[in-house]
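Asker: Sharing a structure, written as structure tokens. Questions coming.
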Amino acid sequence: VSTQSTGTTDKELNPKTLTSGLDDYPRATHPTESEYHVDLRCWMAFASRSLANLGDLLGINVDQYRETYELLANNTRLKELHWTGKFFADYGLHSDVVGLTEKRTGQGHSEKRRVVGKLPLYQHVKVQGYVNLFPFILTLLEPSSAELGTILKNLKTQSNGMSSQYGLCSVAKSDSYYLKHNTQHDAPYWRGPVWININFLAVRALDHYAKVPGPHQELSGALYKELRENIVNNMYLEYKRTGYIWEQYNCQTGRGQSVHPFTGWSSLVVLMMGEQY
């Protein structure tokens, strides 16, 4: 199951997935109908669970939605399809070695085109970033899950390079895609900056796992406190400095950037402040 474009152009480092909402987030370099995206599966499970809960409140038979949720959120199946041994990831036809190289286009002009340095193979797309977190941030993982423990320990030790004092970065600073342009003219969008919508989901998930019994309860609580404080403090300081709430925040400096004023999903900080999830 995929949300990816056809990828017929050689002007993009990775074909974009606009329908996912994550735009230029690095996906498989060579899209096919055989690939599958972990965030899409998780959103479908989350939506099915939400519909089942609403049906229960209204007294409506929602067995089909609950069955869909149980199928998609099955932790064993999630692990079989998407677990790399260190994190969850997409699966598809992917090359680990791609780059944008200047090529002459005639009449003294040049343009950056994609060059594939290694033949693509069907494999997990081992980019470290927001997509890895979806089974966790949508609270699909069982509280006792070993994979949940691995994700939390990586966040604590910052070994995945996603953690910063301003929030979780969209692509890890240690990853080769960090702050990489997707085309000659497309600046990195979901390839490093801190986005408040995904950080809200992470804070919400940490609050959830801190309140349910399990081996990761204490660590979830500690990470919740740290991440929430980092986000709220930085957004407050940036608001004082600039007078704006921003679309995204720089992963290295914390400074607001891109669209402003942006009181769309960045206003979720108010719910974080009030601890309303």
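Rundown of residues vs (1) of a type in the set (Ser, Thr, Tyr); (2) modelled with pLDDT of 95 or more, yes/no style:
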position	(1), (2)
Asn182	no, no
Trp195	no, yes
Asn199	no, yes
Leu227	no, yes
Lys240	no, yes
Thr263	yes, no
Met273	no, yes
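Asker: Let me ask something additional. Which one of the conditions (1) assigned to a helix (DSSP H, G or I); (2) closer than 16 Å to Met273 by Cα does Ile245 fail to meet, given that it meets all the rest?
Answerer: (1)
Asker: Regarding the stretch 211-218, can at least one residue be identified that is of a type in the set (S, T, N, Q), within 26 Å of Tyr178 (Cα to Cα) and open to solvent by 20 Å² or more (accessible area, probe 1.4 Å)?
Answerer: No; the residues of the stretch 211-218 include none that is of a type in the set (S, T, N, Q), within 26 Å of Tyr178 (Cα to Cα) and open to solvent by 20 Å² or more (accessible area, probe 1.4 Å).
Asker: Contact list please: Cβ distance under 6 Å, first residue in the stretch 212-231 and in a loop (DSSP other than H, G, I, E, B), second residue among the polar types (S, T, N, Q), pairs at least six apart or on different chains.
Answerer: Final answer for the pair search is Gly214/Ser144.
Asker: Could I ask something else about it? Taking helices (runs of 4 or more DSSP H) that fall entirely within the stretch 70-189, which contain at least 1 residues that are free of Cβ contacts under 8 Å to residues at least 12 places away in the same chain and farther than 21 Å from Ser220 by Cβ?
Answerer: Qualifying helices (runs of 4 or more DSSP H): 75-82.
Asker: Are there any pairs, at least 6 apart or on different chains, whose C-beta atoms fall under 6 Å, with the first in the stretch 39-67 and in contact (Cβ under 8 Å) with a residue 12 or more places away in the chain and closer than 23 Å to Phe87 by Cα and the second surrounded by fewer than 20 Cβ atoms within 10 Å (Cβ to Cβ) and β-branched (Val, Ile, Thr), and if so, which?
Answerer: Leu40/Val1; Leu40/Thr3
Asker: Just give me the residues in the stretch 44-62 being small (Gly, Ala, Ser) and in a loop (DSSP other than H, G, I, E, B), in sequence order.
Answerer: Gly59
Asker: Right, next: Which members of the stretch 23-36 meet the condition of being open to solvent by 10 Å² or more (accessible area, probe 1.4 Å) and either hydroxyl-bearing (Ser, Thr, Tyr) or under 20 Å from Leu78 (Cβ atoms) (or both)?
Answerer: Those that are open to solvent by 10 Å² or more (accessible area, probe 1.4 Å) and either hydroxyl-bearing (Ser, Thr, Tyr) or under 20 Å from Leu78 (Cβ atoms) (or both): Thr32, Ser34, Tyr36.
Asker: Look through the stretch 235-259, keep the residues that are buried (at least 19 other Cβ atoms within 10 Å of the Cβ) and among the hydrophobic types (A, V, I, L, M, F, W, C), and return whichever of them is farthest from Asn197 (Cα to Cα).
Answerer: Cys251
Asker: Here's a follow-up. For the stretch 37-63, name all the residues that are surrounded by fewer than 16 Cβ atoms within 10 Å (Cβ to Cβ), closer than 25 Å to Thr76 by Cβ and not charged (D, E, K, R).
Answerer: Ala47, Ser50, Asn53
Asker: Check the stretch 221-234 and report whether any residue there is of a type in the set (Ser, Thr, Tyr), open to solvent by 10 Å² or more (accessible area, probe 1.4 Å) and on the phi < 0 side of the Ramachandran plot.
Answerer: yes
Asker: Output the residues belonging to the stretch 9-22 that are open to solvent by 40 Å² or more (accessible area, probe 1.4 Å) and not in a helix (DSSP H, G or I).
Answerer: Correct list: Thr9, Asp10, Lys11, Lys16.
Asker: For Gly192, work out the one condition from (1) out of contact with any Lys or Arg (no Cβ under 6 Å at 6 or more places or on another chain); (2) at negative phi; (3) open to solvent by less than 30 Å² (accessible area, probe 1.4 Å) it doesn't fulfil.
Answerer: So Gly192 meets the others, but not (2).
Asker: Further question on the same structure: Could you grab me the full set of residues in the stretch 168-185 that are charged (D, E, K, R) and either surrounded by 18 or more Cβ atoms within 10 Å (Cβ to Cβ) or over 19 Å from the mean Cα position of the chain (by Cα) (or both)?
Answerer: Asp175, Lys180
Asker: How many residues does the stretch 23-43 contain that are touching a strand residue (DSSP E or B) at 6+ places or on another chain (Cβ under 6 Å) and assigned to a loop (DSSP other than H, G, I, E, B)?
Answerer: So the count comes out to 6.
Asker: Kindly evaluate Asn199 against the criterion of being buried (at least 22 other Cβ atoms within 10 Å of the Cβ), over 15 Å from the mean Cα position of the chain (by Cα) and on the phi < 0 side of the Ramachandran plot.
Answerer: So Asn199 fails the test.
The values are calculated or read from the model by the stated rules, or taken from the named source; none is laboratory data. Quick caveat, the model's predicted, so the values are computed rather than measured. When we count neighbours, we look across all protein chains shown, and the Cβ atoms used for this are built from the backbone with ideal geometry, even at glycine. Side chains included, ligands, DNA and RNA excluded: accessible areas come from the protein's heavy atoms. Shrake-Rupley method; radii C 1.70, N 1.55, O 1.52, S 1.80 Å.
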